[in-house]
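A.B. asks: Input: one structure, supplied below.
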Amino acid sequence: MYYGAFPHQAVGAIPNTPNYKLGAINCPTGIEEVGIKNDELSIYPNPASDELRIKSSELRITKVEVMDLLGCVMLTKVASANDLPLFIHDLSNGIYLLKVTDEKGNIITKKIVKE
């Protein structure tokens, strides 16, 4: 909370001379975290060569995207499951970003390695 002085014209005050009144302003002090938490999502094996398994303990997975490090979408899978296989054998070896969306629209992005 911030306390400061704000100009306030009091009744009977001399014109063009500000009187000050103390007031309070509510300021946010943090950001509430919402969405999929790291411990609610399992991705294994990582690194992987053929198949990646994605499991959510709480919410259903509705969409999975694999992107290269430039942000180009290499693979997309739409589903509605808590346990989802993802076949990555067609991808070149390297580092990718896995973007997982749940049924509430929450998104988490994880790094995966294809060998």
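Bear in mind these aren't lab numbers, they're just calculated from the coordinates by the rules spelled out. Predicted model, so just to flag it, every value in this text is computed and none were measured. Ideal geometry is used to build each Cβ from the backbone, glycine not excepted, and the neighbour counts take in all protein chains shown.
A.B. asks: Can you tell me which of 73-80, 101-108 comes out highest on packing, and rank the rest after it, using the mean Cβ neighbours within 10 Å?
C.D. replies: 101-108, 73-80
A.B. asks: Apply the Karplus parameterisation 6.51 cos²θ - 1.76 cosθ + 1.60, with θ equal to phi minus 60°, to every residue of segment 107-115 and state each ³J(HN,Hα) to the nearest whole Hz, in sequence, with x for glycine and proline.
C.D. replies: 10, 10, 10, 10, 8, 10, 10, 9, 10
A.B. asks: While we're here: Using only the C-alpha atoms of segment 38-114, find the volume of their convex hull and express it per residue in Å³.
C.D. replies: Enclosed volume per residue, from the Cα hull, is 78 Å³.
A.B. asks: What ranking do 49-62, 85-98 get when scored by the average of other Cβ atoms within 10 Å per residue, highest first?
C.D. replies: Those peptides, ordered most packed to least, come out 49-62, 85-98.
A.B. asks: At a Förster distance of 25 Å, what's the computed FRET efficiency of GLU103 paired with ASN46, Cβ-Cβ distance as r, to 0.05?
C.D. replies: 0.60
A.B. asks: May I ask you to evaluate 6.51 cos²θ - 1.76 cosθ + 1.60, the Karplus curve with θ = phi - 60°, for each residue of segment 91-103 and list the ³J(HN,Hα) values in order in whole Hz, giving x for glycine and proline?
C.D. replies: So the Karplus estimates, Gly and Pro as x, are 6, 6, 4, x, 9, 10, 9, 10, 9, 10, 10, 9, 5 Hz.
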